[in-house]
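For reference, the structure discussed in these notes is given below.
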């Protein structure tokens, strides 16, 4: 670091560079900061990469320009903000103001997130009172393959400390049938999420502990029990657009209901799920499995959840079950799977393989992030079609000499 931040009549002239720097839980891989000018108008520029902070996650890059006023209570006027968070671009839509006096006051914070998403924030966060209006439109949710739109008002001075509503829409479908709608409310004790859209295949009513302490200063505690339920009744294809891309072609009739208990640190599930008349086609290879029947039951004890499941299916064109997958998944302090896949003359076809018949078994065991597989599969029949590459449109031509040239 070189230079100083001036007060009063003193000029600021500061240049800071840092690599692999951390302060508490905040980390930055590379940082460059410059600040120059009088105390009431310090032109400041920031460039950073590899940032991570609690509550904000990670950002690959961040660049900002601002005017800082230190003549009285510090005021930062952001004129530019560009960055990338989890490979999604972020940018400032208009100048925004942050005033630091007895807390922080944010005005006109308007951000573009992704190609079409927008975020707006106006509020004041003082030691004993939080008031804010937060809204978003078409906010990308890569983990859910969808976008969220919500509006949320916060006032810790009221008995009803916060309320709002939200909708989720998958990226690959504009159908109203797959839109999920709900409302959020907070009474200073518990956070309540409730579905509100009639006819949704997915319904939920969930309570989470969030205790507000107002004096001597605001603090939050998440100690306490979770409660509520989530249920699914209808066609899997109504919610499959939210699944990872390779599973969005799954179909079938689903009936599920799970109750929620435990804590935020160790949630627990109890309930059952069935799938009937299911089918799945892998998009790239065309591998197809039909006649899927699945049953799963979850039971919790001492903060751990164990899910027992059985799945039966058949290959394309087969009339009886030739594929079975059964076992147990443990969730909680120990997250692992112990299951076995059995094939009994199961028929598969994918890509150049027009028909294969396979038998055998494979056991899957271990933690979900490093599952090991052991077993033997015998291919009794394999038919493949080898496609001869095209000539690319090349043909022989005859060259004739003209006029002796």
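Every number in this text was worked out from the coordinates using simple rules, so none of it is lab data. The shown structure was predicted, so the numbers you read here are calculated from the model rather than taken from an experiment. With ideal geometry, Cβ positions are generated from the backbone for all residues, glycine too; neighbour counts draw on all protein chains shown.
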Seminar exercise, completed: Cα gyration tensor of segment 282-356 diagonalised, 5x eigenvalues square-rooted, in angstrom largest first, produces semi-axes 31, 13, 10
For this session: Would you mind listing how long segment 97-211 runs along its three principal axes, going by Cα atoms, in whole Å with the largest first?
Result: 47, 34, 20
Exercise. Given 0.36 nm per residue, what is the gain on full extension from residue 379 to residue 310 after removing their alpha carbon distance, in nm?
Worked result: 22.5 nm
Exercise. If each of residue 49 and residue 86 carries a label point 7 Å out from its Cα toward its Cβ, how far apart are those two points in nm?
Worked result: 2.2
For this session: Using only Cα atoms, figure out Rg for segment 68-126 and give it as a multiple of 2.2 N^0.38 Å.
Result: 1.24
Problem set entry | Dimensionless Rg ratio for segment 31-161, taking C-alpha atoms and the 2.2 N^0.38 Å reference | 1.14
Seminar exercise, completed: Taking Cα pairs closer than 8 Å and at least 6 residues apart, the relative contact order of the chain in percent is 5
For this session: Take peptides 155-161, 140-146 and line them up by average Cβ neighbours within 10 Å, highest first, as a rough protection proxy.
Result: 140-146, 155-161
Exercise. For segment 128-268, what size does the Cα cloud have along each of its three principal axes, sorted from largest down, in whole Å?
Worked result: 54, 32, 26
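Over 29 Å, how big is the tail of the calculated P(r) for the chain, in percent of all Cα pairs?
63
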Problem set entry | Residue exposure sequence - 314, 257 - by fewest surrounding Cβ within 10 Å | 257, 314
Problem set entry | Rh (Kirkwood; distinct C-alpha pairs) - segment 333-375, Å | 12.1
